[in-house]
Amino acid sequence: MTLSLSTTRDAGTITVTVTGAVDLSTAAALDEAVAAAVDDGPPSVVVDLAAVTFIDSAGINALLKSRRLADERGRQFRITNPTGIVRDVLDLTGVLDHLSG
Amino acid sequence: MPKRGGKATADSAERLRRLQAVTDAALSQLGLEDLLHELLERTLDILSADSAVALLLDQDSTDLVATAAAGLDQALRHDVRVPIGLGFAGGVAVRGQPVAVEHFDHAAGVEAALLPARIVSVLGVPMLSSGRVTGVLHIGTVAPRRFTADDIELLQLVADRASLATEARRSHLDRAAAVALQRSLLPARPPSIPGLDVAVRYVPGAQVGVGGDWYDVFDLPSGHVGIVIGDVAGSGLHAAVVMGRIRSALRAYAMETDDPADVLTRLDRKVQRFEPDAMATALYAVLDPTLSTVTLSSAGHLPPVMTQPDGPGRLLVLAPDLPLGAYRGAERRVTQLPIGPGEGLFLYTDGLVERRDQSIMKGLQRMVGALHPGTADATCDAAMGLLDGTAPTDDVAVLAVRRG
């Protein structure tokens, strides 16, 4: 399973668009991409999950860590467009609201 | 073997041949330190050097630790540490490139034990694994020497070999240690608690081997019974070690209060303070001394199942709070439910229900449907049946309790 990441910048927001499956083998890549976005210093970091097909606990942890890092650096962080299976998992594990900002 | 630049001489060809004699087959029976020592002895011979030292990067990646040496006057003093960036070896590690010095300056003195004053010329190369520096190998000579491109290439070849052997052995040792740790922390036979039927299962993941999943059952001084399932993020030895610490911290807090939300709050505080990089989900349930009421608190864990004496199970969709380590001062709540005779709880980790080809909801439905009435042991067997006899990608822990 592969993961692709792209980052776009718009005024005060960096958006990381995630495509594919976020699991044990790809979560670190997401972690790094978002950490790089946070380090870039925008007021706000958005992680777009519209094209994510699968997420497991490693993926959720990567998102929670991202949010934690953003908090520590005083940046806004939120995920957008979790759909289907991804939304269900985030909801069931009680992290959806926390990550949606 | 073709040589870079095509200037292989009979001499260097012979040296290469001797190096090739350092085969994994001949050395595979040796422990890591002995193996490195043997490699270094041969290196002394091949490169006509007077000292050779192998330093490996420590777990925290801050220091190089001298692990083997050959040709020095005295036996290697163990635990000689060279911080990254300091001294000769520390410099080689930072540059990630070979460094040759014809007249070494001993003034800094950071590593006098590894490069005695008699050593005049030194050559160091990095040990690399997937492009990452994992250690440094260096040789020294008493007579001044200008190291040649051939010398550097040969020493790099030795370092590559040492690096491969080190990685292979490390991961083997890590796996063995993780399995041993997991076994000691997850007893296959849970403690017997009067009036409560308890069963457990643990399956390592095909991809991750042993991971950070755990279960626990214990009776408390107050007469309450604690039941835990949890999943520390990550895999391998590190996850298993962190799991061990979180598991025993939870037990300690459980002795102090019967309120599961309170226990998880204290545990979360401890994790954030002492395991800042860790994250874990956990579900902690406390049965009252009569075993007729259960109080649950969930730190981001998937919903448990209430098993029934006369029908399929029922998913308990509690409002889960945030995982441990996720957010400072996360709010934690409890849900309280009655448990009738023959009813029970089934707890599991996500590896049991998460499949790429189906939604999590389907996975949960399938699981609940499979948990027919029966003993705790039968419930665990039914759950394991969901894995279709194939090893799950992620590790899986399950725990079933049933009121007698």
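The values are calculated or read from the model by the stated rules, or taken from the named source; none is laboratory data. Bear in mind the structure is a predicted one, so any value in this text is a computation, not a measurement. All Cβ positions, glycine included, derive from the backbone under ideal geometry; neighbour counts span all protein chains shown. What goes into the accessible areas is simple: the full protein's heavy atoms, side chains included, and nothing from ligands, DNA or RNA. Shrake-Rupley method; radii C 1.70, N 1.55, O 1.52, S 1.80 Å.
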Checklist (1) at negative phi; (2) surrounded by 18 or more Cβ atoms within 10 Å (Cβ to Cβ); (3) away from chain A (no Cβ under 11 Å) applied to B:Asp288, failing item: (2)
Tally up the residues in segment B:291-319 that are more than 22 Å from B:Ala383 (Cα to Cα), of a type outside the set (A, V, I, L, M) and buried (at least 24 other Cβ atoms within 10 Å of the Cβ), please. 1
Residue among A:Ala58, A:Ala62, A:Ala33 that is modelled with pLDDT under 90 and within 28 Å of B:Thr349 (Cβ to Cβ): A:Ala58
Among residues of segment B:344-357, those that are more than 8 Å from chain A (Cβ to nearest Cβ) and open to solvent by 40 Å² or more (accessible area, probe 1.4 Å), counted: 2
Checking B:Pro260, B:Pro276 in turn, the sole residue that is in contact with a strand residue (DSSP E or B) (Cβ under 7 Å, 6 or more places away or on another chain) and either more than 14 Å from chain A (Cβ to nearest Cβ) or farther than 19 Å from B:His301 by Cα (or both) turns out to be B:Pro260
Any residue at all in segment B:297-320 that is among the β-branched types (Val, Ile, Thr), in contact (Cβ under 8 Å) with a residue 60 or more places away in the chain and away from every other protein chain (no Cβ under 14 Å)? yes
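One line per residue, one yes/no per condition, for (1) in contact with a helix residue (DSSP H, G or I) (Cβ under 9 Å, 6 or more places away or on another chain); (2) of a type in the set (Asp, Glu):
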position	(1), (2)
A:Thr2	no, no
A:Leu5	yes, no
A:Thr17	no, no
A:Ser25	yes, no
A:Pro42	no, no
A:Val45	yes, no
A:Asp48	no, yes
Yes or no: segment B:217-227 includes at least one residue that is modelled with pLDDT of 95 or more, open to solvent by 10 Å² or more (accessible area, probe 1.4 Å) and within 14 Å of chain A (Cβ to nearest Cβ). no
Is it the case that segment A:8-15 has a residue that's touching a helix residue (DSSP H, G or I) at 6+ places or on another chain (Cβ under 7 Å), within 14 Å of another protein chain (Cβ to nearest Cβ) and either crowded, with 19+ Cβ neighbours inside 10 Å or among the hydrophobic types (A, V, I, L, M, F, W, C) (or both)? no
Which numbered condition trips up A:Val52, out of (1) crowded, with 22+ Cβ neighbours inside 10 Å; (2) under 24 Å from B:Gly325 (Cα atoms)? (2)
Considering residues that are touching a residue at least 60 places away in the same chain (Cβ under 8 Å) and not acidic (Asp, Glu), the number found within segment B:342-360 is 7
Applying the selection to segment B:274-284, what residues are in contact with a Ser or Thr (Cβ under 7 Å, 6 or more places away or on another chain) and open to solvent by less than 10 Å² (accessible area, probe 1.4 Å)? B:Leu283, B:Tyr284
Among the residues of segment B:217-248, which ones are among the aromatic types (Phe, Trp, Tyr) and assigned to a helix (DSSP H, G or I)? none
Filtering segment B:104-128 down to residues that are part of a strand (DSSP E or B) and open to solvent by 10 Å² or more (accessible area, probe 1.4 Å) yields B:Leu128
Out of A:Val47, A:Val38, report the one residue that is under 11 Å from the mean Cα position of the chain (by Cα) and more than 14 Å from chain B (Cβ to nearest Cβ). A:Val47
Over 19 Å from B:Val232 (Cα atoms) and at pLDDT below 95: does that describe A:Pro82? no
Within segment A:66-77, is even one residue in contact with a Ser or Thr (Cβ under 7 Å, 6 or more places away or on another chain), buried (at least 16 other Cβ atoms within 10 Å of the Cβ) and more than 11 Å from chain B (Cβ to nearest Cβ)? yes
Among the residues of segment B:129-161, the number that are touching a residue at least 60 places away in the same chain (Cβ under 8 Å), buried (at least 18 other Cβ atoms within 10 Å of the Cβ) and either not in a helix (DSSP H, G or I) or not assigned by TED's automatic domain parsing to the domain that holds B:Ser61 (or both) is 9
Is at least one residue of segment B:249-272 open to solvent by 10 Å² or more (accessible area, probe 1.4 Å) and either assigned to a strand (DSSP E or B) or more than 22 Å from B:Val334 (Cβ to Cβ) (or both)? no
